[in-house]
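The values are calculated or read from the model by the stated rules, or taken from the named source; none is laboratory data. Since this is a predicted model, take the numbers as computed values, not measurements. As a convention, Cβ positions derive from the backbone with ideal geometry for all residues, glycine included, and neighbour counts pool all protein chains shown. The accessibility values were calculated without ligands, DNA or RNA, using every heavy atom of the protein model including side chains. Shrake-Rupley method; radii C 1.70, N 1.55, O 1.52, S 1.80 Å.
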Amino acid sequence: MDTRVRARRMSAWVDPPEDGGPAADPGLYGPGSEAWRLNREAMLLLGAGPRALLLQLAHPAVASAVADHSDFRTDPWRRLAGTLRSFLTIVYGTTGAARAEIRRLNALHRGITGPGYAARDPELALWVHATLIDTTIAVADAWLEPLPAAHRAAFYAETRQVGRAFGVPDALLPADLEAFDEYVAAMLGPGGPVRVSAVARELAEVVLRPPLGPLAPWLAAVPADLYAWTLWPSVGLLPASVREEYGLAWGPRQRLVSGWLVAGWRAWRPMLPESFRQMPQAQAADRRMRRGARR
């Protein structure tokens with residue numbers, strides 16, 4: 001494929017078109033929400049991706065579904081682009097755009113079935129949903145500032161409507177943040193269903209050492225060792241039990257490099273303009289709301 005064509009495809013989630021929906025429509029969350037505040041930082045969101053994905057794959061059924069129904073091994077970037085585009089549409093899009101994206105994903109997931117798994121299984125949907133919530137909180141705590149308890153609770157409460165939209169019934173959906181934390185602990189704890197499989201370890205290699213060839217053919221020859229270290233901060237945020245099951249190193253070298261990367265980002269962040277460091281979808285939503293306020 002022509003490099004320019006692939007670049008345009010990859011840029012679709014980096015530089016979205018202006019939303020043509022109602023100018024004052026706040027969407028499912030809105031400008032006063034914790035979701036709008038937490039998910040706009042590009043470095044936080046991109047850094048959160050590997051952690052959330054590794055947690056999802058740590059569930060054997062999710063790992064099998066990804067392995068059987070995607071080209072993740074050869075082109076993880078396409079999945080990343082699609083996942084990020086969907087997530088940001090749900091968070092920052094108009095109500096109509098967000099609900100349309102949820103319907104599209106639900107329809108897509110109906111066809112993802114196999115031995116021992118179904119993507120529309122409410123319990124699997126809840127785990128995937130939970131990894132996104134837990135990761136957003138973990139990354140904000142570690143890389144931005146610790147979230148006050150009230151903000152954490154508000155953020156979780158905001159996400160429940162999206163969990164229901166993805167087919168998780170109220171009886172299964174944790175009622176509040178305390179119940180949510182207990183759910184995650186039970187999933188990860190002894191006897192819980194989250195156990196890293198051989199398939200998950202194989203896919204984790206792609207997550208943490210992604211081939212660059214799909215981005216541009218001339219990058220295919222770049223050794224993974226030259227860039228894999230940039231993902232160590234995400235590895236450091238994994239629960240220790242999950243990191244150990246994956247067999248991921250987390251010694252003095254990894255801690256030192258991760259600390260240096262995070263400290264560097266924190267030092268540079270105040271100097272960077274918001275237009276550079278924030279996700280374009282968040283900026284487009286801000287403009288949408290400003291246009292509405294002027295009318």
Exercise for the section: Mind computing the radius of gyration and Dmax over the alpha-carbon atoms of the chain? Å is fine for both. Expected result: 18.9, 57
Handout entry: Semi-axis lengths (Å, descending) of the ellipsoid that matches the C-alpha gyration tensor of region 200-295
Key = 33, 19, 15
Practice task
Measure of size requested: the Rg and Dmax of region 19-69, with Cα atoms as the atom set and Å as the unit; please supply both.
Solution key: 15.9, 43
Fill in the blank from the handout: Here FRET efficiency (C-beta to C-beta, A157 to F276, R₀ 41 Å, nearest 0.05) is 0.85
Practice task
Could you please state how large a percent of the accessible area of the chain is carbon and sulfur, counting protein chains only and using a 1.4 Å probe?
Solution key: 61
Exercise for the section: Express in % the proportion of alpha carbon pairs of region 130-229 at distances exceeding 22 Å. Expected result: 52
Practice task
Can you tell me how much longer the chain between D286 and L46 gets when fully stretched, taken as 0.36 nm per residue apart minus their C-alpha distance, in nm with one decimal?
Solution key: 84.4 nm
Completion exercise
For region 136-284, the per residue accessible area (1.4 Å probe, Å²) is 52
Practice task
Answer with one residue from I102, G213, P252: the one whose Cα lies farthest towards the positive end of the charge dipole of the chain, charges on Cβ with Lys, Arg +1 and Asp, Glu -1.
Solution key: G213
Exercise for the section: Mind giving me the FRET efficiency for A249 and D141? R0 is 22 Å, r the Cβ-Cβ distance, nearest 0.05 is fine. Expected result: 0.45
Problem - Prolate/oblate/rounded label for region 200-252 (Cα gyration tensor, a/c 1.5) - result: prolate
Handout entry: region 41-122: radius of gyration and largest Cα-Cα distance (Dmax), Å
Key = 13.5, 38
